[in-house]
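Structure first, commentary second.
The values are calculated or read from the model by the stated rules, or taken from the named source; none is laboratory data. Just so we're clear, the structure is a prediction, and the values are computed from it rather than from any experiment. Virtual Cβ from ideal backbone geometry, glycine too; neighbours counted across all protein chains shown. Keep in mind that these areas ignore ligands, DNA and RNA; they rest on the heavy atoms of the full protein, side chains included. Shrake-Rupley method; radii C 1.70, N 1.55, O 1.52, S 1.80 Å.
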Amino acid sequence: QVQLVESGGGLVQPGGSLRLSCTASGSIFSINAMGWYRQAPGKQRELVAVIGSGGRMNSADSVKGRFAISRDNAKNTWYLQMNSLKPEDTAVYCCYARVNLGRGDYIYWGQGTQVTVSS
């Protein structure tokens, strides 16, 4: 079965940087989109960034210029480089993928990783 495994969360001071990674494994025909969501306690889930199969990228206005998404297709891995972190970036970050399993597309989620930005 498809699994997404995340790493890279932690505690960082304002202005610092973190890089999150997510690797998908399983019987995957193709990954059509890879991305990251985040959710802070009591707040709505927010799409942070996404990269499509053709390499097109999009990101939330709140992170543009600070966060960058990238991928390594050969490893079924994607990353979220987070720079100039702010306290309001504190959230649980979850990776996701839209995966083709041969019969159609399905959405899979990672377990989530906590990012805390605090002095």
If you scan the stretch 77-102, which residues turn out to be farther than 14 Å from G9 by Cα and open to solvent by less than 50 Å² (accessible area, probe 1.4 Å)? T77, W78, Y96, A97, V99, N100
Give me the pairs, please: first residue somewhere in the stretch 19-31 and in contact (Cβ under 8 Å) with a residue 60 or more places away in the chain, second residue anywhere and surrounded by fewer than 21 Cβ atoms within 10 Å (Cβ to Cβ) and among the acidic types (D, E), beta-carbon distance under 8 Å, and either six or more positions apart or on two chains. L20/E6; C22/E6
P41 passes all but one of (1) more than 23 Å from K75 (Cβ to Cβ); (2) in a strand (DSSP E or B); (3) of a type outside the set (F, W, Y); which number fails? (2)
Quick test of your reading of the structure: D105 fulfils all but one of (1) more than 18 Å from S7 (Cβ to Cβ); (2) surrounded by 14 or more Cβ atoms within 10 Å (Cβ to Cβ); (3) free of Cβ contacts under 8 Å to residues at least 40 places away in the same chain. Name the failing condition by number. (3)
If we keep just the residues of the stretch 46-61 that are small (G, A, S) and in a loop (DSSP other than H, G, I, E, B), which is surrounded by the fewest Cβ atoms within 10 Å (Cβ to Cβ)? G54
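If you check V2 against the conditions, is it farther than 15 Å from V117 by Cβ, among the hydrophobic types (A, V, I, L, M, F, W, C) and open to solvent by less than 20 Å² (accessible area, probe 1.4 Å)?
Yes.
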